[in-house]
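Peer 1: What follows is a structure written as structure tokens; I'll ask about it next.
The values are calculated or read from the model by the stated rules, or taken from the named source; none is laboratory data. Just so it is clear, the model here is predicted, and its values are computed rather than measured. Here Cβ is always computed from backbone atoms with ideal geometry, including for glycine, and neighbour counts include all displayed protein chains.
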């Protein structure tokens, strides 16, 4: 763009590009100086003292989650999970769902109810883990379950429980009832073991002492191996119940 200037004699002359650049630089420098004056100069204390930050939650709630209302006393009913080595996340999830199933809210789905209440069931290490998840990474209850089990029930735990199932044996002096109860607890602890029912029945039966295997056969007139897998499981349940009584 051409810029003209009138001289003292009245004649018009064109300004050079360098003159325009100098004017622009002066204006920019002036603005920069004003901004520096307005900016707060941070001292050593500002850098050393921690600042309060607020990270976004990892949970993304559906739009209708705003209708959720906390009922008095519901948090006190929730089971707690600390993320300790001896704790089982599967058992925690089962107990947590049992409490949530007592919560009736026509304005919210069970997905929202569980997502809203679940953070209150976590403590210490488990709560720190939840807060460390990427912001907005959890959009549904199934995703929350998967992340929890991935963290606190890793694959080596699964392999350990599967070995215990396949090598299960009755202890010396252990009654049939206590043996069956211990086996069922093992299956409950690792519900994703992947074994078919027929194999579970067979592994338990083969792990019994010869005396109790004989008892199992005699109590059903030696037709145990003729039962279908589900019927066999029910029979063992009934046999253990009668043995307890």
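Peer 1: Could you tell me which of the residues 176, 204 is touching a residue at least 60 places away in the same chain (Cβ under 8 Å) and under 28 Å from residue 94 (Cβ atoms)?
Peer 2: When all the criteria are applied, what remains is 176.
Peer 1: Identify all residues within segment 154-174 that are more than 22 Å from residue 85 (Cα to Cα) and part of a helix (DSSP H, G or I); write none if there are none.
Peer 2: Once the filter is applied, which keeps residues that are more than 22 Å from residue 85 (Cα to Cα) and part of a helix (DSSP H, G or I), segment 154-174 yields only 166.
Peer 1: Take the residues in segment 81-107 that are touching a residue at least 40 places away in the same chain (Cβ under 8 Å), touching a helix residue (DSSP H, G or I) at 6+ places or on another chain (Cβ under 6 Å) and more than 19 Å from residue 146 (Cβ to Cβ); name whichever of them is surrounded by the fewest Cβ atoms within 10 Å (Cβ to Cβ).
Peer 2: For segment 81-107, the residue satisfying everything is 107.
Peer 1: Output the residue which, of all residues in segment 224-245 that are modelled with pLDDT of 90 or more and part of a loop (DSSP other than H, G, I, E, B), is farthest from the chain's Cα centre (by Cα).
Peer 2: By that ranking, first place goes to 227.
Peer 1: Based on what the data block shows, is residue 75 within 17 Å of residue 61 (Cα to Cα) and more than 14 Å from the chain's Cα centre (by Cα)?
Peer 2: Against the criterion (within 17 Å of residue 61 (Cα to Cα) and more than 14 Å from the chain's Cα centre (by Cα)), residue 75 does not qualify.
Peer 1: While we're on this one: Just a yes or no: is a residue in segment 131-154 closer than 30 Å to residue 238 by Cβ and free of Cβ contacts under 8 Å to residues at least 40 places away in the same chain?
Peer 2: The answer is no; no qualifying residue exists.
Peer 1: Could we say that residue 243 is farther than 30 Å from residue 56 by Cα and touching a residue at least 60 places away in the same chain (Cβ under 8 Å) here?
Peer 2: Yes: the conditions hold for residue 243.
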